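Notes follow once the structure below has been shown.
The values are calculated or read from the model by the stated rules, or taken from the named source; none is laboratory data. Worth saying up front: this structure is predicted, and the values here are computed from it rather than measured. Cβ coordinates were reconstructed from backbone atoms using ideal geometry, including for glycine residues, and neighbour counts include every protein chain displayed.
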Amino acid sequence: MTGKTRILLVAAAALSGAAWFSYTDGVPAYVRQAMASGEANQTAPTPPPPQVPVAEVITRVLAPSSEFTGVVAAAKTVELRSRVGGAIETVSVPEGGLVERGQLLFQIDPRPFEVALQNAEAQLQRAEVLLSQAETDLDRSQRLLPSGAIASKTYDDDVSGRQERQAQVLEAKAANAAASLDLSYSRVTAPIAGRVDRVLVTEGNLVTGASGGAATLLTTIVSVDPAHVYFDIDEATYLNFLGQARPAAAGRKGTSFPVEVGLATENGYPHSGSLDFLGNRLDRGTGTIRARAVLANPDGRLTPGLFARVKLATSAPQETVLIDDQAVGTDQGRRYVLVLGAGDMVEYRPVELGAMNEGLRVVASGLNPGDTVIIKGLVRPGMQVTPNRIAMAPDQRSVDGAADGDTQEARR
């Protein structure tokens with residue numbers, strides 16, 4: 001650095017210092033700057049509290065319930081099999097349609113059974129003739145025995161002969177009844193009313209008749225009304241209402257618990273029924289017990305095999321608090337809501353949640369009727385907020401989120 005440059009730098013520094021310490025109206029410049037900065041800080045406005053949507057909790061009289069997944073089943077199921085063998089002559093099955101009890105579905109060729117019945121009737125007639133002859137011989141022996149015209153053995157033989165002919169008549173009657181029954185079995189009718197499946201054996205095919213599972217399966221029939229829904233209840237729920245669901249003594253029925261059922265494509269639980277069966281043991285592998293609900297099914301919508309959502313009421317109805325599900329937060333696995341307290345201050349409330357009811361979440365504990373909760377917003381406990389009151393139910397809110405105070409549902 002040259003000597004000339006050094007001189008210039010020293011001169012610039014001197015001029016800056018003189019400007020900093022210069023006086024205006026007897027006040028140094030640096031003091032005026034400090035005073036101006038303080039006045040600016042004192043006059044800066046305080047930001048208002050954040051505005052958040054809030055809503056009063058809804059209270060309804062509801063029965064505490066638990067939700068399960070079940071499957072629809074028919075109350076009665078029949079595998080229609082032939083009791084006698086033969087050729088299928090006619091098929092009158094309305095595949096997939098409804099049938100009445102006693103309706104003819106299959107006709108097996110009846111001619112072999114008609115011949116067998118005629119033979120049995122002839123055997124019965126022959127046995128009755130022989131019985132009549134034996135009774136005549138016995139009457140004659142009874143008249144001749146006192147005079148000694150016949151031996152006692154002859155009389156005894158006639159008595160035995162009549163008894164034998166009586167047994168032959170009974171045997172012939174049984175054979176005649178069996179032949180008549182086989183002839184009736186050639187008409188395969190519906191044993192129950194319900195919906196019939198597809199035909200498994202068509203005309204002209206031979207079927208095998210038997211009393212066991214070896215008989216030919218012709219079709220299946222399931223009853224329509226009522227319908228059953230089977231589901232598994234967890235151990236905790238089972239213990240909560242065990243005393244009411246079980247009968248107190250033999251021959252008595254337990255309390256009938258209402259059950260609501262909804263299918264996969266249905267909203268809510270439009271089908272109502274009652275619990276009519278509870279298993280006698282828990283499955284140790286799953287920790288559940290099998291239960292069954294019975295429901296009216298006049299339109300046949302509850303088809304066997306469908307999956308169903310089941311809501312089981314576990315106690316008497318009581319006042320219940322409901323909130324919008326988006327007001328619930330999670331803190332390390334624990335659920336909570338933020339409540340609007342005194343002075344519009346935010347309060348933290350841990351809650352226990354229940355099932356959904358008409359788009360709202362049931363709060364089992366943690367909130368009281370009349371509480372106002374914060375629906376959403378980046379706020380924390382202890383903050384002061386500006387509440388923007390809206391309706392709790394999402395379907396009752398206007399487009400801009402405002403609530404009509406006259407129509408907002410607070411209690412039902």
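Yes/no matrix, rows are residues, columns are (1) surrounded by 11 or more Cβ atoms within 10 Å (Cβ to Cβ); (2) part of a strand (DSSP E or B); (3) at pLDDT 85 or above:
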position: VAL229; (1), (2), (3): yes, yes, yes
position: ASP232; (1), (2), (3): yes, yes, yes
position: GLY243; (1), (2), (3): no, no, no
position: ALA249; (1), (2), (3): no, no, no
position: SER256; (1), (2), (3): yes, no, no
position: TYR269; (1), (2), (3): yes, no, yes
position: SER272; (1), (2), (3): yes, yes, yes
position: PHE277; (1), (2), (3): yes, yes, yes
Review point. How many residues does region 298-310 hold that are within 13 Å of HIS271 (Cα to Cα) and in contact with a Ser or Thr (Cβ under 9 Å, 6 or more places away or on another chain)?
Key: 3
Review point. For region 290-337, which strands (runs of 3 or more DSSP E) that fit wholly inside it have 2 or more residues that are among the β-branched types (Val, Ile, Thr) and under 20 Å from VAL57 (Cβ atoms)?
Key: 318-323
Revision key, fill the gap. Flagged in region 359-380 as out of contact with any Ser or Thr (no Cβ under 8 Å at 6 or more places or on another chain), over 15 Å from TYR336 (Cβ atoms) and not in a loop (DSSP other than H, G, I, E, B), in numbering order, are LEU360, THR372
**Study point:** Total residues in region 375-409, condition closer than 19 Å to THR320 by Cα, touching a helix residue (DSSP H, G or I) at 6+ places or on another chain (Cβ under 8 Å) and modelled with pLDDT of 55 or more
**Key:** 1
Review point. Looking at LEU144, LEU131, which is the one that is surrounded by 19 or more Cβ atoms within 10 Å (Cβ to Cβ) and outside the structural domain of THR208 (by TED's automatic domain parsing)?
Key: LEU131
